Amino acid sequence: MIHRILVLLDSSSVSEEALMEAMKIGKIYQSTIICIHPVARHDPLQVKAGQDLVARAEGFVKSAGLGFDFRIVEDDPGPAVVKAASRLDADLIVMGSLGEEGLKRQVVSSAVDYVVRKAPCDVLVVKSDRPVF
């Protein structure tokens, strides 16, 4: 059973796609969706933006009849997700990926790569079909 689904939530469209996929799975299992929004440092503007983002996500999730919880944490995305998944006993992590390739993938460290390697549970990666630029 999948009781708790952890979703990395940021301001990207692929993050919204990941939330929608998590909700589809959540409806099947009547799961609770837990959104995590990491911020680089405790900056009031970043925290406020995160709260607005989480409030919007909460509306989507609750309108689907699912339980909702959230965390805004001060950490890098990859470690934040892994730590939260362990602490909250998540059954599944759902994350979006922009699908970087080649040199860009080598230069930019990927939170998805980190989470897939270190996660204490299964990870579903939702790839964006939209071009970034």
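The values are calculated or read from the model by the stated rules, or taken from the named source; none is laboratory data. In this text the structure is predicted, and so the values were computed from the model without any measurement. We place every Cβ from the backbone using ideal geometry, glycine too, and count neighbours over all the protein chains shown. Surface areas here come from the heavy atoms of the whole protein model, side chains and all, with no ligands, DNA or RNA. Shrake-Rupley method; radii C 1.70, N 1.55, O 1.52, S 1.80 Å.
Values for this structure:
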| read-out | value |
| --- | --- |
| Over the chain, relative contact order from alpha-carbon pairs under 8 Å, at least 6 apart, % | 31 percent |
| Charge dipole (the chain, unit charges on Cβ, about Cα centre) - positive-most of Leu124, Ser97, His42 | Leu124 |
| Average accessible surface area per residue within the chain, 1.4 Å rolling probe, Å² | 57 Å² |
| Only Lys, Arg (+1) and Asp, Glu (-1) charged, at Cβ; the chain dipole about Cα centre in debye | 120 debye |
| The chain - percent of accessible surface contributed by carbon and sulfur, probe 1.4 Å | 53 percent |
| Among 81-92, 15-26, 62-73, the order from most to least packed when residues are scored by Cβ within 10 Å on average | 15-26, 81-92, 62-73 |
| For the chain, calculated [θ]222 nm from helices alone, where every DSSP H run of n ≥ 4 adds -39500 (n - 2.57) | -14500 deg cm²/dmol |
| Compactness relative to 2.2 N^0.38 Å, alpha carbon Rg of the chain | 1.00 |
| Proximal lysines to Lys24, defined as alpha-carbon separation beneath 30 angstrom and excluding residues fewer than eight positions away on the same chain | Lys48, Lys62, Lys83, Lys118, Lys127 |
